[in-house]
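The values are calculated or read from the model by the stated rules, or taken from the named source; none is laboratory data. All figures in this text were calculated on a predicted structure; none of them were measured in a lab. Glycine also receives a Cβ, built like all others from the backbone with ideal geometry; neighbour counts cover every protein chain displayed. Note: accessible area is taken over every heavy atom of the protein model, side chains too, but ligands, DNA and RNA are not part of it. Shrake-Rupley method; radii C 1.70, N 1.55, O 1.52, S 1.80 Å.
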Protein chains: 4
Amino acid sequence: MTNQAESIRVGVLGARGRMGLEVCKAVDAAGDMELVAMLDQGDELFKASEAHAQVFVDFTTPDAVMDNLRWAVDQGISVVVGTTGFTDERLSQVREWLAAKPGVGVLVAPNFGLGAVLMMQFAARAARYFDSVEIIEQHHPRKLDAPSGTSTHTAHLIAQARAEAGLGPMPDATKEEVDGARGADIDGVRVHSVRAAGLVAHQEVLFGSLGETLTIRHDSLDRVSFMPGVLLGVRKILERPGLTVGLDSFLD
Amino acid sequence: MTNQAESIRVGVLGARGRMGLEVCKAVDAAGDMELVAMLDQGDELFKASEAHAQVFVDFTTPDAVMDNLRWAVDQGISVVVGTTGFTDERLSQVREWLAAKPGVGVLVAPNFGLGAVLMMQFAARAARYFDSVEIIEQHHPRKLDAPSGTSTHTAHLIAQARAEAGLGPMPDATKEEVDGARGADIDGVRVHSVRAAGLVAHQEVLFGSLGETLTIRHDSLDRVSFMPGVLLGVRKILERPGLTVGLDSFLD
Amino acid sequence: MTNQAESIRVGVLGARGRMGLEVCKAVDAAGDMELVAMLDQGDELFKASEAHAQVFVDFTTPDAVMDNLRWAVDQGISVVVGTTGFTDERLSQVREWLAAKPGVGVLVAPNFGLGAVLMMQFAARAARYFDSVEIIEQHHPRKLDAPSGTSTHTAHLIAQARAEAGLGPMPDATKEEVDGARGADIDGVRVHSVRAAGLVAHQEVLFGSLGETLTIRHDSLDRVSFMPGVLLGVRKILERPGLTVGLDSFLD
Amino acid sequence: MTNQAESIRVGVLGARGRMGLEVCKAVDAAGDMELVAMLDQGDELFKASEAHAQVFVDFTTPDAVMDNLRWAVDQGISVVVGTTGFTDERLSQVREWLAAKPGVGVLVAPNFGLGAVLMMQFAARAARYFDSVEIIEQHHPRKLDAPSGTSTHTAHLIAQARAEAGLGPMPDATKEEVDGARGADIDGVRVHSVRAAGLVAHQEVLFGSLGETLTIRHDSLDRVSFMPGVLLGVRKILERPGLTVGLDSFLD
């Protein structure tokens, strides 16, 4: 790729990890970006600033990310963060650092899959128009938690939308239930967790009213699917100073 | 319809009920059958024998069906039975009556939906070839029991096939589970019951091994879907003396 | 239902038709409406104005609907119209009538199914974020046209969204094609029309990018599913003077 | 793995290819097999016979496979073949070689995916019981042919089963069709080919009669899914002398 004047200069932190490596490939392949630094444990951050990085993408570890953020904000470098482990305290701390640097932006996103983000947006929007809604999430059998984080978050969004619309409990005449048949109750929304070999990561949100159903389904097969969301973050973060949580608000 | 020599002469018992009425219409529309009697509560059965019925279809009530069967078998009339409430005792009784009438056949079937019967056959056959299998059944919210009878029966068939093939428990690393998320455990097979407005009666059986899944899904929207199964029963019962339980064995 | 001060007083035109009858039942069952007139061919419209109807719902015929609209607008009665056959000329005419009656509103909607309307909104919104999109619509085999009107409309919306986002043609390496395999080309979007007994009216919009797919599916089983959309139209039309085309903009 | 007396001794031809490598891993991991030879271009076949291989698995090339087969049959080694390019002439040639070696077996299979094989078996079996059937196959956009080989084969099987059952053409009232909307006509069965980024290899067979549908769906995500079928072939080929075409008949 040629070094065009308009290219966004990107440094990747955690560049040797599985996600970081994908990010490097994706940035390198993007026509409007230039990969100027690939750093991992043991590398010095100032190499990235010497390379004039405008945006960092951080897929490191909960242990390392806060130091990275402090340094980057200090240097006036915006950051797109996919590293996990952000508590409210950490978010407050980042907000504080950013307050002192008005032009710098940080995006902290738990999920960079555009499909997943859209699924949640659509689910929240449809919720007020249907009598019933249930979630069926399906994952590989090595997953430790049930339901998945994404389905739990979707259920919260739906419950909130139903409450705001003044909808009561959903119709359900179940009298005799074998334990567990009706799924987990998350904020009044039933969530069913399927675990089977051959599955990767899938979620279906089923809405129903008399005579019709609307189903929103997301199938995620590969972490490469997160790259369009990461690139979207890189492109938009320069126009979004301050802290943004969730990729959601970057989708116009 | 003209009275062709080859037509099967059919009498319908419970002809004014919802299912009985559908059966009358279906028999009437079938090119190879003649509807010779439509009887319901208050009508005398001998009218059907006067009309030379060869086969009865019985969609009456648990209270009435045994008297109907005794009389029909006595008269040498074969019977296709959709009425519910057949215990092992009742089946033994019918077998006894039939023993004295070697040419007569009785079919007692809990489900005349060809799609449902095939789904169960396919599920039982696929079970030995996959590491994982789960069932998701979906019904209207007025349903009282969860899981459905059909899904419970399917789970039993699958469990039996897995045991015969020497398969152990399915892979499942779930450590943290919100109560109910992983569904009901029916003979070691997880069954998830979705209830939502807009649904009628649906079932999905999901098989999975590393890298692939096989899904068998049945959607039933209307009781008219049972008619091909009833007509199949009428056509075959004349060649199947004795008692048959389940439409299954009539599908060659 | 009691005649509450706050109830919206509704008159139904075409009340003996299949849709009209459903509308009458739905209005009657709605807690915030009062069914004050049920009119059909041969009935005089002034009966509805004598009954102080505030809103008309018109499910009549292309022959009758323009006269009904003229009269209603003249009387200051707002109208929710499900009758088909609206050309640009007819819409201009209605706009002209409404110009003289500033407080009156008319909603002309080709589809009152909230699920279908949401499916189209979501499809238009998701279109810019994915490399590929195809539509699979499935209907009963008595349908005369393929693809369906709804799928054609969805394809137009998607094509427009992709164009606005500057997306080029979708990836497709097909070299050898049996005629028709790749479906109909509607504005560059492939649409596949399935026709089978047992189906009613279904549509699936499949979006895909490397590593993930997002699917939006609508299943419509019964015309009763249009009633929530009709009632939404009745509730909102009093606050929406002028002409509105499509239920779309009534969903906030 | 220890060299148990009961282990099947397996040699893999084409061991450095993508499929061959997976086979080596699968054989190595199987408790009842021993991987005794891994050969590829440039290696001498006699090494495998020196290692006392009982079964070969051949994933080589159309150029190499016939020589491999001749040598193996000659040596009394049975072969499971996944290599493509088998014409009727080639199959006749193999049959001739086997005629001279009564104890040796060869399995030539175009598809080792158990899910795909079962899907086709189930489709052929269900075909006679439904009024309508259509096939929707979905693949990544780099695929060159439409419809896929598997869907074409499935359509042939369905058409044959319908003909044997005396079923006529399917109901279809389509009058106005945008070119291609109704898919490709393969032996009277409509096949729809969806191509989209994010897809891998999927097929859905939809059966329908009045009031119900039965859907059989296969999703293949990874070539690792062929391994259970290859291992099944290895286990059974020793009891199946002569030529077998298709994994189908090895599923009891």
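Figures for the structure shown
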item: Sparsely packed chymotrypsin sites (Phe, Trp or Tyr not before Pro) within region D:99-184, loop by DSSP, other Cβ within 10 Å at most 11; result: none
item: Cα centre as origin, Lys/Arg/Asp/Glu Cβ charges: region B:7-116 dipole, Debye; result: 160
item: Farthest toward positive dipole pole in region D:1-92 [+1 Lys/Arg, -1 Asp/Glu at C-beta], among D:21, D:81, D:53; result: D:21
item: Closest Cβ on chain D to the rotation axis that carries it onto A (distance rounded to whole Å); result: D:221, 3
item: Surface accessible to a 1.4 Å probe, residue C:240 within the full protein complex, Å²; result: 80
item: Chain C - accessible surface per residue (Å², probe 1.4 Å); result: 41
item: P(r) weight above 51 Å for the protein assembly as shown, C-alpha pairs, percent; result: 31
item: Cα Rg, Dmax (largest Cα-Cα span) when computed across region C:118-187, Å; result: 13.3, 39
item: Hydrodynamic radius of region D:51-150 per Kirkwood, over alpha carbon pairs, in Å; result: 16.2
item: Relative contact order of region C:143-218, pairs being alpha-carbon contacts under 8 Å that are 6 or more residues apart, as %; result: 28
item: Region C:1-66: relative contact order in percent, alpha carbon pairs under 8 Å with at least 6 residues between; result: 42
item: Accessible surface of residue B:153 - all protein chains present, 1.4 Å probe, nearest 10 Å²; result: 90
item: Nearest 10 degrees, 0 to 90: helix C:114-126 Cα axis against chain C principal axis; result: 40
item: Interface size C-D, as summed buried accessible area [1.4 Å probe, Å², nearest 100]; result: 3100
item: ³J(HN,Hα) computed for each position of region C:137-145 - Karplus, 6.51 cos²θ - 1.76 cosθ + 1.60, integer Hz, glycine/proline x; result: 10, 10, 9, 4, x, 8, 5, 8, 10
item: Distant-in-sequence amide H partners of residue A:38 (H built 1.01 Å from N, under 5 Å); result: A:12
item: Position residue A:96, label points 7 Å along Cα→Cβ, spacing to each other copy in nm (shortest first, one decimal); result: 7.0, 8.7, 8.7
item: MRE, 222 nm, helices only [DSSP H, n ≥ 4, -39500 (n - 2.57), over the protein assembly as shown, to nearest 500]; result: -10000 deg cm²/dmol
item: Calculated FRET efficiency for the pair residue B:90/residue B:142, C-beta based, R₀ 35 Å, to 0.05; result: 0.75
item: Within region D:92-122, backbone nitrogen closer than 14 Å to the virtual label 7 Å beyond the Cα of residue D:248 toward Cβ; result: D:108-112, D:116-122
item: Where labels lie 7 Å past Cα in the beta-carbon direction, separation of residue C:238 and residue A:51 in nm; result: 6.5
item: Long-range HN-HN contacts of residue B:104 with modeled amide H, under 5 Å; result: B:242
item: Under the Karplus curve 6.51 cos²θ - 1.76 cosθ + 1.60, θ = phi - 60°, whole-Hz ³J(HN,Hα) for region D:99-106, x wherever Gly or Pro sits; result: 4, 7, 10, x, x, 9, x, 10
item: Listed pairs B:25/B:47; D:25/D:236; C:25/C:143; D:143/D:175; B:143/B:175 exceeding 22 Å between Cα atoms; result: C:25/C:143; D:143/D:175; B:143/B:175
item: Within straight-line cross-link reach of residue C:101, aspartates and glutamates at Cα separation under 12 Å, skipping those fewer than 8 residues along the same chain; result: C:74
item: Rounded to the nearest 20 debye, dipole of region D:1-59 from Cβ charges on Lys, Arg, Asp, Glu; result: 140
item: Using alpha carbons only: equivalent-ellipsoid semi-axes of region D:101-252, gyration tensor based, whole Å; result: 31, 20, 13
item: Distance from region D:48-83 to region A:208-252 (C-alpha centre basis), Å; result: 51
item: Hz values of 3J(HN,Hα) by residue in region C:36-47 - Karplus curve (6.51, -1.76, 1.60), Gly and Pro given as x; result: 9, 7, 10, 10, 8, 2, x, 7, 8, 5, 5, 4
item: Exam field: residue D:168 pseudo-label spacings to other copies (7 Å along Cα-Cβ), nanometres; result: 5.1, 5.3, 5.7
item: Charged-residue dipole, Cβ positions (Lys, Arg, Asp, Glu), region C:74-149 about Cα centre, Debye nearest 20; result: 180
item: Within-12-Å neighbourhood charge of residue B:202 [Cβ basis; K, R +1; D, E -1]; result: -2
item: Where GluC sites (Glu not before Pro) fall in DSSP loop in region D:6-48, at most 13 other Cβ within 10 Å; result: D:6, D:44
item: In Å², nearest 10: area of residue C:24 left accessible to a 1.4 Å probe; result: 10
item: Relative contact order of chain C, pairs being alpha-carbon contacts under 8 Å that are 6 or more residues apart, as %; result: 22
item: Cβ-defined net charge surrounding residue D:215, 11 Å radius [Lys, Arg +1; Asp, Glu -1]; result: -3
item: Förster radius 30 Å - calculated FRET efficiency between residue D:32 and residue B:163, Cβ distance, rounded to 0.05; result: 0.90
item: Coil-residue trypsin sites (Lys or Arg not before Pro) of region D:111-186, DSSP, other Cβ within 10 Å capped at 10; result: D:175
item: For residue B:239, inter-copy label distances in nm, listed shortest first [label point 7 Å out on the Cα-Cβ vector]; result: 3.1, 6.8, 7.3
item: Protein accessible area in chain A, 1.4 Å probe - carbon and sulfur %; result: 50
